[in-house]
1. Among the residues that make up segment 278-285, is at least one of them touching a helix residue (DSSP H, G or I) at 6+ places or on another chain (Cβ under 8 Å), surrounded by 14 or more Cβ atoms within 10 Å (Cβ to Cβ) and at pLDDT below 95?
2. Name the one entry in 19, 78, 29, 50 that is within 22 Å of residue 198 (Cβ to Cβ) and surrounded by fewer than 23 Cβ atoms within 10 Å (Cβ to Cβ).
3. Just one of 198, 225, 164 is under 19 Å from residue 250 (Cα atoms) and in a helix (DSSP H, G or I); which is it?
4. From (1) in contact with a helix residue (DSSP H, G or I) (Cβ under 8 Å, 6 or more places away or on another chain); (2) free of Cβ contacts under 8 Å to residues at least 12 places away in the same chain; (3) over 30 Å from residue 148 (Cα atoms), pick out the condition that doesn't hold for residue 27.
5. Just for segment 109-152: of the residues that are crowded, with 16+ Cβ neighbours inside 10 Å and more than 21 Å from residue 81 (Cβ to Cβ), which one is farthest from the chain's Cα centre (by Cα)?
């Protein structure tokens, strides 16, 4: 895990160093943005809304696609990611939550140090905790799913593919080996850095700063910055109020790209049983102003 966290920073340092010798081209930025969007949506639409919360249903080939694309974000095997997230919802902001900035234990610091520790733990520190032995009990459905189990077992193959694709694009679009290297650095390592930290901000920032339009038993917040950067995942209070909802941006102005992807799939027959809260449930959970 340490390598997964550090290597993207090494990639960022490498592209900065190479700017002194190789002129920057928009091609590399386009590759990085394309990979960021595709793998970020792979996490939000695939790992999160499809597999974790079963917010919609899809045929096996579509499920396989989202499982593979989400794996390319390099955030861990599908079954582990889903198990950790389901555990987070079960214990949200209480002891037992894998990545809460609020959950406290006897040996944790208090005061300002406690706040700093909480942010660090929720954002990245939890990744270095020992994997609990009981995670499999959270994902019996995925363990029975041949496609999901296969993608999870072959996780590193998809990680490699997610790094090879931008390298090939860089080489083909520029016709040089330097282009292939920069495609790998920008679209592989730098993109991984961006996707990781935006995803981890949902765990940290979105449990600390933002609005709480719905009543929940935790400190989840709607944060507009990460609502946009994370393709709708930052509308986190709404998500915790209605975990199975395929839509997290529950107001017309709250852009939710992941939901738009799900809606588009529904329109062409690739998604069905799309779950949304009723108007009555929305009003029932809405905070009184």
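The values are calculated or read from the model by the stated rules, or taken from the named source; none is laboratory data. Just so you know, these numbers come straight off a predicted model, no measurement behind them. Cβ atoms come from the backbone with ideal geometry, glycine included; neighbour counts cover every protein chain shown.
1. yes
2. Every option except 29 fails the conditions.
3. Going through 198, 225, 164 in turn, the sole match is 225.
4. (2)
5. 117
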